[in-house]
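Scroll down for the structure; my scribbles are underneath it.
The values are calculated or read from the model by the stated rules, or taken from the named source; none is laboratory data. Every value quoted in this text rests on a predicted model; they were computed, and no experiment measured them. Cβ placement follows ideal geometry from the backbone for every residue including glycine, while neighbour counts extend to all protein chains displayed.
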Amino acid sequence: MIRTICFKERRYIEELRILTRATALDCIIDERFDRIVYLIKEGDMGLAIGRKGSNIRKMQRVLGKRIEMVEYSPEIERFSRNVFKPADVVGINRLDDGRLNVYINKDDLGIAIGKGGCTIEKARLLLSRYFDTDLGEVLAREDTHA
């Protein structure tokens, strides 16, 4: 899948690399929620976040926008879990029509939805962009791991 990255997005990716030494694979400028969503290379998430979130705070000061980071994974299940972090994803179901239903621990449903639906919107953007899959429903379920 070929994605084009505009000048502004490349500038933000380079800014992240300079400030954190982490590698961003992509950057989405989300005007609706006034944020920048970085897709971080697998294994670079700790470097990107920094000690106690110091790099994220530094980036927010420099760019003047809220910063969100998601670690990339080539497996759709793991990628979906990363998108909804810190919410506890207890299951993922791929439907026949290609959509993806995500089941969240009922205590974390508010975190998974996000303020005004911002986390769900982030999941929709990233899943369609990287896996050509639509997000179906985000549903609450009892944690079955206990």
Subject >> the stretch 62-78, residues that are closer than 28 Å to GLU31 by Cβ, assigned to a loop (DSSP other than H, G, I, E, B) and within 17 Å of the chain's Cα centre (by Cα) >> reply: LYS65, TYR72, SER73
Subject >> Residue ID - surrounded by the fewest Cβ atoms within 10 Å (Cβ to Cβ), chosen from residues in the stretch 85-98 that are modelled with pLDDT of 90 or more and touching an Asp or Glu at 6+ places or on another chain (Cβ under 8 Å) >> reply: PRO86
Original post:
Of all the residues that make up the stretch 18-56, how many are charged (D, E, K, R) and exposed (fewer than 13 other Cβ atoms within 10 Å of the Cβ)?
Top reply: 6
Subject >> Candidates ILE18, ILE56 - the one that is β-branched (Val, Ile, Thr), assigned to a helix (DSSP H, G or I) and more than 24 Å from GLY117 (Cβ to Cβ) >> reply: ILE18
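Report the residue count in the stretch 1-52 for those that are among the β-branched types (Val, Ile, Thr) and either touching a residue at least 40 places away in the same chain (Cβ under 8 Å) or out of contact with any Cys (no Cβ under 9 Å at 6 or more places or on another chain) (or both).
Looking only at the stretch 1-52, we keep the residues that are among the β-branched types (Val, Ile, Thr), and these are 2, 4-5, 13, 18, 20, 23, 28-29, 36-37, 40, 49.
Now drop any that are not either touching a residue at least 40 places away in the same chain (Cβ under 8 Å) or out of contact with any Cys (no Cβ under 9 Å at 6 or more places or on another chain) (or both), which leaves 2, 4, 18, 20, 23, 28, 37, 40, 49.
Total satisfying the criteria: 9.
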Original post:
Among the residues of the stretch 103-137 satisfying the criterion of being of a type in the set (Lys, Arg) and farther than 26 Å from THR4 by Cα, which is surrounded by the most Cβ atoms within 10 Å (Cβ to Cβ)?
Top reply: LYS106
Original post:
For the stretch 79-120, what are the residues that are at positive phi and either basic (Lys, Arg) or in a helix (DSSP H, G or I) (or both)?
Top reply: GLY116, GLY117
